Amino acid sequence: MRTTPLVAENFYHIYNCGVNRGPIFFHPENWLFFLRRLRQYFVPAKVEMLAYTLMPNHYHLLVRIKSGDFGREIMHPFTISYTMAINKQMNRVGPLFQGPYQARCIKEDADLLNLSGYIHLNPVSAGLVASPEQWEYSSYRDYLGRRPATFVSPKYILAQFPSRQAYAAYVCDQANFKVPRKLLFE
């Protein structure tokens, strides 16, 4: 149970990894199923999805919470739904995730920008792709305008830049930048 409540209208970095840092996606269709479930549970009236990336053994979400009961109404049913589907498909039992999801409040615009870059660069840092736009399972293509509208709302982050290309240049400049540990894993 979360000891610190999540507060409506605040930005949060939500993340979790697989049990023992194991995979949370086992087949190609699992990635798309996870995204469908995000769309289903993270409805714009309750959560604004600013950025995301899915990795083989973890995920990162950057959200603005609009619902006062985000954990009980959204995150808990979302996580249970995905875990139950994977357990059924893989003929497994027990938890899929390391523990409860982690949530860090992000209060400064500069931290939001840095975190969006970190999230979009995660697949590059892990050596899965050479550039963030090559990774299909992130919101980076939404930021570049190279994918039809999805459930991602990049407008708040993009408003900090004169153009989508300026955001792309910012992310590329961040390739050697490390997000302060306090923003990720406090």
Picked from the range 136-168 (must be of a type in the set (S, T, Y), modelled with pLDDT under 95 and not in a helix (DSSP H, G or I)), the residue surrounded by the most Cβ atoms within 10 Å (Cβ to Cβ) is S153
How many residues of the range 113-135 are touching a residue at least 60 places away in the same chain (Cβ under 8 Å), in a loop (DSSP other than H, G, I, E, B) and either of a type in the set (D, E, K, R) or open to solvent by less than 40 Å² (accessible area, probe 1.4 Å) (or both)? The answer is 1
Boolean, I86 is buried (at least 17 other Cβ atoms within 10 Å of the Cβ), of a type in the set (A, V, I, L, M, F, W, C) and in contact (Cβ under 8 Å) with a residue 60 or more places away in the chain: yes
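Could you tell me which of the residues C105, C17 is within 27 Å of Q134 (Cα to Cα), in a strand (DSSP E or B) and open to solvent by 20 Å² or more (accessible area, probe 1.4 Å)? Talk me through it step by step, then tell me what you get.
Working: C105 fails: within 27 Å of Q134 (Cα to Cα).
It is C17.
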query = Among the residues of the range 53-62, is any within 15 Å of the chain's Cα centre (by Cα), farther than 21 Å from L121 by Cα and at pLDDT 95 or above?
reply = no
Of the conditions (1) modelled with pLDDT of 95 or more; (2) assigned to a loop (DSSP other than H, G, I, E, B), the single one that T3 does not satisfy is (1)
With criteria (1) surrounded by fewer than 18 Cβ atoms within 10 Å (Cβ to Cβ); (2) of a type outside the set (S, T, Y); (3) at pLDDT 95 or above, F11 comes up short on (1)
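The values are calculated or read from the model by the stated rules, or taken from the named source; none is laboratory data. Everything quoted here is computed from the prediction, not taken from an experiment. We place every Cβ from the backbone using ideal geometry, glycine too, and count neighbours over all the protein chains shown. Calculation scope for accessible area: heavy atoms of the full protein, side chains included, ligands and nucleic acids excluded. Shrake-Rupley method; radii C 1.70, N 1.55, O 1.52, S 1.80 Å.
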